[in-house]
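The values are calculated or read from the model by the stated rules, or taken from the named source; none is laboratory data. Quantities reported herein were computed from a predicted structural model and do not represent experimental measurements. A quick note on method: Cβ atoms are made from the backbone with ideal geometry, for glycine too, and the neighbour counts reach across all protein chains shown. Accessible surface is based on the protein model in full, side chains and every heavy atom, while ligands, DNA and RNA are left aside. Shrake-Rupley method; radii C 1.70, N 1.55, O 1.52, S 1.80 Å.
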Amino acid sequence: MAVDPQSLPYRPCVGIMLLDAQGRVFVGRRADQAEEGRGNWWQMPQGGIDKGESAEAAAFRELYEETGVRSAELIQQASKDYCYELPPHLVGVAWKGRYRGQRQSWFAMRFLGRDSEIVIGPHDGHKAEFDAWRWVAMSELIELIVPFKRAVYAEVVAEFGHLGNVPALGPKG
């Protein structure tokens, strides 16, 4: 039986634009997502907000779970939340059919560590979200993203775009 997307809520979620000292953005290539179709889809770290958890705390938790990164500082929170809808074939399937898409609170963070800190494989009981990662210029970001998330990514890039050229402290240690 088809699910009416309008009858479902958005999943509360965070997204993290992690910037290195050169203003490049961390992206991970998503591990195979059978329900979305095989693709070469990349994304910035993101994930759900746990009950009772603040969006900022969720952002730091998700960043660690998906990348192993703890050496990051918050630069800016987006001025509003951004939403995306799941494509019709995923409504009623993704997230056990409970949501129509995600409402994302986005955070820009500066990476203060070394690339060797980044761990995308399983660690500390967290499964691998990504099977590869790299730093990319903001101008390259949108074309790498799964099509149904591109509009949100365009808005996030527009909001945080000025941060791509902000000088930063170099890696510590």
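Couple of notes before you dig in:
- Cβ pairs under 8 Å, 6+ apart, first in region 110-129 and in contact (Cβ under 8 Å) with a residue 40 or more places away in the chain and under 16 Å from PHE60 (Cα atoms), second acidic (Asp, Glu) and open to solvent by 50 Å² or more (accessible area, probe 1.4 Å): ARG110/GLU73; LEU112/GLU73; ILE120/ASP131
- Counting only strands (runs of 3 or more DSSP E) that sit completely within region 62-173, those holding 2 or more residues that are more than 16 Å from VAL25 (Cβ to Cβ) and open to solvent by 10 Å² or more (accessible area, probe 1.4 Å) correspond to 82-85, 101-111.
- GLY47 passes every criterion in (1) under 21 Å from VAL136 (Cα atoms); (2) small (Gly, Ala, Ser); (3) more than 15 Å from the chain's Cα centre (by Cα) apart from (3).
- Residue match in region 26-39 (condition: at pLDDT 95 or above, open to solvent by 60 Å² or more (accessible area, probe 1.4 Å) and not aliphatic (A, V, I, L, M)): no
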